[in-house]
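The values are calculated or read from the model by the stated rules, or taken from the named source; none is laboratory data. These numbers were taken from a predicted model, which means no experiment stands behind them. Backbone-built Cβ (ideal geometry, glycine too); neighbour counts: all protein chains shown. Only protein heavy atoms, including side chains, enter the accessible area calculation; ligands, DNA and RNA are left aside. Shrake-Rupley method; radii C 1.70, N 1.55, O 1.52, S 1.80 Å.
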Amino acid sequence: MSDLDTAARTIVRDSLGVSAGESLLVVCDPTTHELGIRLRDEGERAGADSVLALMTERETNGEDPAAPISAAMAAADVVLAPTARSISHSEARRRATEAGARIATLPGVTEEMLARVMSVDMDELERLTHAIAARLDAGSEARITCPNGSDLTLSLEGREGIPDDGRLTGPRAFGNLPPGEGFIAPLEDRAEGTLVVDGSIADIGLMDEPVELTIECGRLTSATGDAGGQLYEMLSAHGGENVAELGVGANDRAIITGNVLEDEKVLGTIHVAFGASAGFGGVVKVPVHIDCVILKPELTVDGEPLVSGGRLLV
């Protein structure tokens, strides 16, 4: 069995717990068609009534699939979505979760990435992601600094930390795969300061030079450089300039590649996202969600270090 076959089996049988008699819907687009077939076939081997839905690639992260696929998602027991653009924060995904589906999204996934990153020690990953989520959950304020000049404060009051541990077997479970972060939706109107992004930005890729973001009253108000301009344009087109997420990477098999699905999981990195947050504890519903990865941050929660110089302190 190849590493990719092992990864597909782990996703279907262990992460999602697909069992005989369940309905499994695999949503893919032309970029992930072959992987979609592999996941559908693994679901069939697990005894599920497995269906593959091939859709047109979406234009932005957070955009809904076509209406027939959105309806099928809400009718399925389990949904797997390896797609070029993320549907993690789409209304279709949220409605399917509310209808009872267990869902894993795999936005921007490649076969090489999946085979490598899914080889992580899942028990240790579970420990780390739950420890991160617990720290975020108990905190009232996070502060991000870094050698490039970041100094951003985020309010966490009343929001729930969430572990992305790859265990999606419970009712209405939702996460993305490969797994490996703890995250939270900060209060949308209280983030203040500067964030310097030196890793990658979703839909843009690796940073040739750091991008400085200015955030006032929870909203992105300015951004430097060509990449910063692209980010602001993508967000403002949908009214998604608000801070949506603070996440901490925990997967020691993940590496920086320019693909945010993997970059945001790299052990000791953090990421801040803008746009949709309603799907994981926030209140903003927009068809865009864009993550920005910082490589060697200093992150404190209520003054206590959680990440320092690329080291996770849990």
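Whenever a residue of segment 108-133 is in contact (Cβ under 8 Å) with a residue 60 or more places away in the chain, its partners that are of a type in the set (S, T, N, Q), lying with C-beta atoms within less than 6 angstrom and at least six residues away or across chains, give the pairs G108/N259; M118/T10; V120/N251. Take the conditions over 11 Å from the mean Cα position of the chain (by Cα), within 20 Å of R85 (Cβ to Cβ) and open to solvent by 10 Å² or more (accessible area, probe 1.4 Å) and apply them to A244. Does it pass? So A244 does not fit the description; no. Tell me, yes or no, whether segment 26-47 has at least one residue that is free of Cβ contacts under 8 Å to residues at least 60 places away in the same chain, aliphatic (A, V, I, L, M) and in contact with a strand residue (DSSP E or B) (Cβ under 6 Å, 6 or more places away or on another chain). Scanning segment 26-47 turns up at least one residue that is free of Cβ contacts under 8 Å to residues at least 60 places away in the same chain, aliphatic (A, V, I, L, M) and in contact with a strand residue (DSSP E or B) (Cβ under 6 Å, 6 or more places away or on another chain). Among the residues of segment 91-116, those that are outside any helix (DSSP H, G or I) and either in contact with a strand residue (DSSP E or B) (Cβ under 9 Å, 6 or more places away or on another chain) or under 30 Å from S2 (Cβ atoms) (or both) comprise A101, R102, I103, A104, T105, L106, P107, G108, V109, T110.
Within segment 179-194, the set of residues being part of a strand (DSSP E or B) and either under 13 Å from L136 (Cα atoms) or not β-branched (V, I, T) (or both) comprises E181, G182, F183, I184, E192, G193. State all residues of segment 250-268 that are farther than 18 Å from G166 by Cβ and among the polar types (S, T, N, Q); if no residue qualifies, say none. Residue satisfying the conditions is T257 alone. Screening L52 on (1) surrounded by 14 or more Cβ atoms within 10 Å (Cβ to Cβ); (2) part of a loop (DSSP other than H, G, I, E, B); (3) without any contact (Cβ under 8 Å) to a residue 60 or more places away in the chain shows it passes everything except condition (2). Residues of segment 141-177 that are assigned to a loop (DSSP other than H, G, I, E, B), over 18 Å from F280 (Cα atoms) and open to solvent by less than 30 Å² (accessible area, probe 1.4 Å): C146, S150. Restricting segment 283-314 to residues that are of a type in the set (V, I, T) and in contact with a helix residue (DSSP H, G or I) (Cβ under 7 Å, 6 or more places away or on another chain), the residue that is surrounded by the fewest Cβ atoms within 10 Å (Cβ to Cβ) is V314.
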